[in-house]
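Asker: This is the structure I have questions about; it appears just below.
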Amino acid sequence: MKSMDSLCKERDKLRQEITDNLNFLMGSVSAKGPKRPGWNLTFKINQVTRTRHIRKEQEPRVKQMTARWRRLRLLLKRISDINWECLNRGIDG
């Protein structure tokens with residue numbers, strides 16, 4: 001079991017990491033298909049799949065931004081776990 005001080009420090013670190021990763025795009029980058037060169041950004045909104053074309057010059061940036069989205073999801077899960085632990089210990093935060 002972690003000490004209260006280490007939980008608070010970890011939570012502060014995660015908050016900063018979340019702030020650093022807010023320039024993101026939800027979704028994933030995929031190839032259009034074997035006969036069609038190019039890339040798509042695919043994501044869901046309200047259970048409906050949406051697809052956007054990615055211009056060739058945008059591909060590296062879009063891949064970087066979707067990687068931030070994956071990272072952000074992990075960070076949010078970790079901070080949620082820490083917040084739950086703090087809540088159970090009576091630490092306000």
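Asker: For region 1-27, what are the residues that are among the hydroxyl-bearing types (Ser, Thr, Tyr) and modelled with pLDDT of 95 or more?
Answerer: Matches in region 1-27: Thr19 only.
Asker: Does any residue of region 65-72 turn out to be of a type in the set (Ser, Thr, Tyr), within 20 Å of Asn23 (Cβ to Cβ) and under 14 Å from the mean Cα position of the chain (by Cα)?
Answerer: yes
Asker: Which of the following residues is open to solvent by 80 Å² or more (accessible area, probe 1.4 Å) and under 15 Å from the mean Cα position of the chain (by Cα): Asp20, Asp5?
Answerer: Asp20 is the lone residue from the list that is open to solvent by 80 Å² or more (accessible area, probe 1.4 Å) and under 15 Å from the mean Cα position of the chain (by Cα).
Asker: Which one of these does Leu41 not meet: (1) modelled with pLDDT under 95; (2) touching a His at 6+ places or on another chain (Cβ under 9 Å)?
Answerer: The failed condition is (1).
Asker: Working only within region 26-52, note down all residues that are open to solvent by 50 Å² or more (accessible area, probe 1.4 Å), under 19 Å from the mean Cα position of the chain (by Cα) and among the aliphatic types (A, V, I, L, M).
Answerer: Of everything in region 26-52, those that are open to solvent by 50 Å² or more (accessible area, probe 1.4 Å), under 19 Å from the mean Cα position of the chain (by Cα) and among the aliphatic types (A, V, I, L, M) turn out to be Met26, Ile45.
Asker: Whether any residue in region 57-69 is surrounded by 15 or more Cβ atoms within 10 Å (Cβ to Cβ) and aromatic (Phe, Trp, Tyr) is what I want to check.
Answerer: Yes; the residues of region 57-69 include at least one that is surrounded by 15 or more Cβ atoms within 10 Å (Cβ to Cβ) and aromatic (Phe, Trp, Tyr).
Asker: Please go through region 70-88 and give me each residue that is open to solvent by less than 70 Å² (accessible area, probe 1.4 Å) and not small (Gly, Ala, Ser), ordered by number.
Answerer: If the condition is that a residue be open to solvent by less than 70 Å² (accessible area, probe 1.4 Å) and not small (Gly, Ala, Ser), then Leu72, Leu75, Ile79, Ile82, Asn83, Glu85, Cys86 are the ones that fit.
The values are calculated or read from the model by the stated rules, or taken from the named source; none is laboratory data. Please read these numbers as outputs of a predicted model, since none were measured by experiment. So basically every Cβ, Gly included, is an ideal-geometry build from the backbone, and we count neighbours across all protein chains shown. Note: accessible area is taken over every heavy atom of the protein model, side chains too, but ligands, DNA and RNA are not part of it. Shrake-Rupley method; radii C 1.70, N 1.55, O 1.52, S 1.80 Å.
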